[in-house]
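First comes the structure, then the notes that go with it.
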Amino acid sequence: MGSKDTAARRERLVDSLIKRGYIHSPEIIQAMKAVPRHQFMPPSMATHFYADSPQCIQCGQTISAPHMVGIMAERLDLQKGQKILEIGTGSGYHAAIVAHIVGSSGEVHTIERQEKLVDFARQNLERSSYGKQVMVHVGDGSKGWPDAAPYDRIYVTCASPDIPPPLVEQCADGGKVMVPVGGSSYQTLVIGVKRNGKLKRKSFEDCVFVPLVGEHGFKL
């Protein structure tokens, strides 16, 4: 599959997301047109590179549907220069989108508990030129990554019974934490804004994510 073909498919996908009302911010539109989703998926999945649906990758995990990546980016109100924490690296695609939006003055940390996926994501990020901007860590994402805290934005790409307390602690005052909260079958996207050490929560879209496994998530 040639680069012109993948670029055209990516353009059609993004145009579709705009028409359906999932994305509208110029920065997010530009990021989703720039980041090559096909470089975050195995070559055997060529027919699904730019399908607007979640796709299985490795270790029982998925690469999120592009519309959900767009929704989450819009809800977070990402800005240039922000420090971001992502829980659930997966293929690295979502982190690349966020890295493109926050720019070279920003910083993206992402945590993945499965080492095989960590290697996969690092390779994908390096190949797509986001390797230096996105720092991939191995660990229990439900505990966050205190070494680089506080963060302006924290988001989780897997389902959790509730917002893990360590993520609230590691969020900067005035920052946002976004988590798909619910059971292992379906969830609701919940965003908390931190003010004076407390989180004011609001619920948004229903969604379906794989479970967050960890001390403050679901148990194996």
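Before moving on, here are some points about what is shown:
- Per-residue ellipticity at 222 nm from helix content only, as computed over the chain with -39500 (n - 2.57) for each DSSP H run of at least four residues, stands at -9000 deg cm²/dmol.
- When the pairs Lys83/Lys202; Lys80/Lys143; Lys19/Lys116; Lys116/Lys200 are compared against a 28 Å limit on Cα-Cα distance, Lys19/Lys116; Lys116/Lys200 fall above it.
- For the pair the stretch 147-215 / the stretch 33-65, the C-alpha centres are spaced 24 Å from each other.
- Stokes-Einstein D in µm²/s, Kirkwood radius over Cα pairs - the stretch 1-145 at 25 °C with 0.890 mPa s viscosity: 162 µm²/s
- Coupling constants for the stretch 107-119 follow from the phi torsions by the Karplus curve (6.51 cos²θ - 1.76 cosθ + 1.60, θ = phi - 60°), and in residue order they are 8, 10, 10, 9, 10, 9, 7, 9, 4, 4, 6, 4, 4 Hz; glycine and proline get x.
- Degrees between helix 66-76 axis and first principal axis of the chain (Cα, 0 to 90, nearest 10): 40 degrees
We did not get these values from a lab; they are worked out from the coordinates using the rules stated. Since the structure is predicted, the reported quantities are computational estimates derived from the model, not experimental observations.
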